[in-house]
Amino acid sequence: MKTLKYIYAFSMAFLLLFSCVEDDNDLTFIEEVVAPSNVSAQFQITQDNSGLVTITPNSVGAVSYNITPGDGSDAVEIKQGENFENTYQEGTYSVQIEAIGITGLSTFATQDLTVSFKAPENLEVSAEIDASNPFILNVTATADFAASFLVYFDTSNPDEEPTPLAIGETASFEYANVGDYSIKVVALSGGVETTEVTQDITIAAPTELPIDFEVFDANTFQGFGGASNAVIDNPDTNGNISGKVGEIIKGAGETWAGNVITLSSPIDLSTKKAITLDVWSPRPGGKMLLKLENLDDGNIFYETEATLSGNNAWESATFDLSAIDTGNTYQKIVVFFDFGVIGDGSADWTFYIDNIKQDLISAGPSVTPLTFETPYSLSSFDGGDISVIANPDTNGNPSSMVAQMVKGAGQTWGGSKITIDEPFTLSSSETITVKVWSPRAGLNLLMKFEDAVPWPDVSATAEITATTTVANAWEELTFTFPSIDTSIDWYNMVLIMDNGVEGDGSANYTIYLDDFSTTPTLDFEPEFELSSFDGGAISVVSNPDTNGNPSSMVAEMVKNAGQTWGGSKITVPEPFELSNGSRVTAKVWSPRSGLNLLIKFEDNVPWPDVTATAEITATTTVANAWEELTFDFPTVDAAIEWYNLVLIMDNGVEGDGSANYTIYIDDIDIN
């Protein structure tokens, strides 16, 4: 009994304590509740001279309303989201709205209602471009005897639903493209009478560097002296995946015919003293003259010239402005092709430009763009796979990068191929050595050389096989070719692991290769190092989709199971050139739209003392296709040497190593 008494006393004390805590929480909740705010009402007057008005109240935080119509009738209580109707005579009324919150706290507002069957008079419309977004138009309107307004933001669109506009309120609309538009504002009365006004407006994005022509005010792009221009769909997406580009045609006219882009503000030349752009030229050897001019005085200018490779392909042209007089201002970019020669308007005088941007003048060779191109290309067949990855075992081979070769399920002869631009130099009796890391002793590696003729007419050397003697370690294998026809150009080296046996893609069928003693030597060392962390993986592979990106080799990035921040790192031998306002661009192939790619730069101090820039994320907008993503770094400490570029796919989400978490990256550039 004594024990029961103590249990009972303890239980009561616990309940009392819990009750007090719960009461305290309730009090905290009540203290945080505030009265409703932003109280207003929308009036919809039936356009039939009946005076019937539908009143719809709204606010932030209300659950119900008391509406006093203002015509002497009783107040009406309605819930949030409901409305009520009242019939008025002609006149002006003060409608009172009491918004009531969940705790009973309320807020009062009064809104004038004008009911008139006369046509509204003195309609005045204000249409202003939003200060924060040049594509947003804000419209307000006033009129005598008006009850409300309807706004049409594009009268050329017959399917447009008008936007309601209450008296004293603002209607806003965001346009998708620059251009000239006509808006219409209809003033509604309390009856069938209306008054309307139409106004022309121009949506023009500021013309500032960088210029990519996707959203561009064509009115700032003008030809002179016989040259013409237009913004058109990109006719050649190989080498430039932009959807829109600038077209320039030099017609019969003056030898100095050219085109000018007038910017919205002068170019800031305090740090970035180079202009780069992509240009498509129909023929090699042409000259492109770039001239920067003062907005008001054409005698203040600076010009520089570049020679184009042409050949019906995109290329990048760079113009050094390091000698420009920064005491002057320059707001016009003038472009001439083959200055001093008269054009004829034909395809031979048709050029395309895109991606005009500023860049830094480097004191030495720049480490960007990172292109992942190699002096060889890799390919595989019938279940084979080959890529360039970070060396997984530097014991016995100090190379930072090696070739990884995997034999998956497929044909028993599945393998890989290394193709070079110039033929291998082989003697009639040739010995080739290769460093090989194998998971097991007794693994057979077959090597042969082939010419560039497609199968089945290909010519090949004898097939030479060497066998590993150690497991999980590097060793050097030797392949001796007793007789080679030196009159044949041998462009391809073919490698087959365990010929005659089907692989399974496991670690047992994964080997690493390095330092082929061929001429030229194949050592797989790029100009930068690749590494990964916490589930990330990165390698250099053959480009799986050359539609939209003609590069032969790209970086493959995979997010496997691990940490949600698992990713990869690219380390360069010289620091990246970064400054305030640096923009990083990268071509990305993603399996899905909406994939987030985070990048940041780090110095070379080991973790946890590493210094990093801000983390900037860009999101893919297409699936199974290449697109260019942009990462803007508004503030960067230029005094720090940034050696590492860190990339994280879908930060905060654990990957699974599937195709859904596999992307390809190429042409990483900084400007």
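Exactly one of (1) among the aliphatic types (A, V, I, L, M); (2) open to solvent by less than 50 Å² (accessible area, probe 1.4 Å); (3) over 18 Å from Pro375 (Cα atoms) is unmet by Ala441. Its number?
The failed condition is (2).
Buried (at least 19 other Cβ atoms within 10 Å of the Cβ) and part of a strand (DSSP E or B): does that describe Leu598?
No, not satisfied.
With respect to Val554, is the statement that it is β-branched (Val, Ile, Thr), open to solvent by 20 Å² or more (accessible area, probe 1.4 Å) and either free of Cβ contacts under 8 Å to residues at least 40 places away in the same chain or over 22 Å from Gly414 (Cα atoms) (or both) true?
no
If we keep just the residues of region 98-111 that are in contact (Cβ under 8 Å) with a residue 60 or more places away in the chain and open to solvent by 50 Å² or more (accessible area, probe 1.4 Å), which is nearest to Ala146 (Cα to Cα)?
That would be Phe108.
What are the pairs, 6+ residues apart or on separate chains, where a residue within region 217-244 that is assigned to a strand (DSSP E or B) has its Cβ under 6 Å from a residue that is open to solvent by less than 60 Å² (accessible area, probe 1.4 Å) and aliphatic (A, V, I, L, M)?
Qualifying pairs under 6 Å: Phe221/Ile261; Gln222/Val260; Ala227/Ala257; Ser228/Ile249; Asn229/Ile248; Val231/Ala218; Lys244/Val231.
Take the residues in region 304-359 that are hydrophobic (A, V, I, L, M, F, W, C) and without any contact (Cβ under 8 Å) to a residue 24 or more places away in the chain; name whichever of them is most open to solvent (accessible area, probe 1.4 Å).
Ala323
Could you check how many residues of region 105-118 are modelled with pLDDT of 90 or more and not in a strand (DSSP E or B)?
1
Can you find a residue in region 179-197 that is surrounded by fewer than 17 Cβ atoms within 10 Å (Cβ to Cβ) and under 30 Å from Asp667 (Cβ atoms)?
The answer is no, given that none of the residues of region 179-197 is surrounded by fewer than 17 Cβ atoms within 10 Å (Cβ to Cβ) and under 30 Å from Asp667 (Cβ atoms).
Quick one: in region 357-386, of everything that is under 26 Å from the mean Cα position of the chain (by Cα) and not in a loop (DSSP other than H, G, I, E, B), which residue is modelled with the lowest pLDDT?
Of everything passing the filter in region 357-386, Leu370 is modelled with the lowest pLDDT.
Read through the list (1) free of Cβ contacts under 8 Å to residues at least 40 places away in the same chain; (2) open to solvent by less than 40 Å² (accessible area, probe 1.4 Å), then give the number of the only condition that Pro591 fails.
That leaves (1) as the condition not met.
Consider region 115-149. How many of its residues are farther than 29 Å from Asp217 by Cα and either in contact with a His (Cβ under 9 Å, 6 or more places away or on another chain) or open to solvent by less than 30 Å² (accessible area, probe 1.4 Å) (or both)?
Number satisfying all stated conditions: 8.
Please indicate, with yes or no, whether at least one residue in region 518-528 is buried (at least 17 other Cβ atoms within 10 Å of the Cβ), farther than 30 Å from Ala466 by Cα and at pLDDT below 90.
Checked against the condition, which is being buried (at least 17 other Cβ atoms within 10 Å of the Cβ), farther than 30 Å from Ala466 by Cα and at pLDDT below 90, region 518-528 yields at least one hit.
Out of the residues in region 120-135 meeting the condition of being modelled with pLDDT of 90 or more and not charged (D, E, K, R), tell me which one is farthest from Gly190 (Cα to Cα).
Ala127
Give me the residue from region 71-97 that is of a type in the set (D, E, K, R) and within 13 Å of Ile55 (Cα to Cα) and, out of that set, least open to solvent (accessible area, probe 1.4 Å).
Filtering first and then ranking leaves Glu82.
Just the residues that are without any contact (Cβ under 8 Å) to a residue 40 or more places away in the chain and farther than 21 Å from Thr198 by Cβ, please, taken from region 112-146.
Hits for region 112-146 are Ala131, Ser132.
Kindly provide the set of residues from region 56-70 that are among the β-branched types (Val, Ile, Thr) and either surrounded by 17 or more Cβ atoms within 10 Å (Cβ to Cβ) or over 19 Å from Val115 (Cβ atoms) (or both), ordered by number.
Answer for region 56-70, where residues must be among the β-branched types (Val, Ile, Thr) and either surrounded by 17 or more Cβ atoms within 10 Å (Cβ to Cβ) or over 19 Å from Val115 (Cβ atoms) (or both): Val60, Val63, Ile67, Thr68.
The values are calculated or read from the model by the stated rules, or taken from the named source; none is laboratory data. As the structure is a prediction and not an experimental result, all values here were calculated from the model. A quick note on method: Cβ atoms are made from the backbone with ideal geometry, for glycine too, and the neighbour counts reach across all protein chains shown. Side chains included, ligands, DNA and RNA excluded: accessible areas come from the protein's heavy atoms. Shrake-Rupley method; radii C 1.70, N 1.55, O 1.52, S 1.80 Å.
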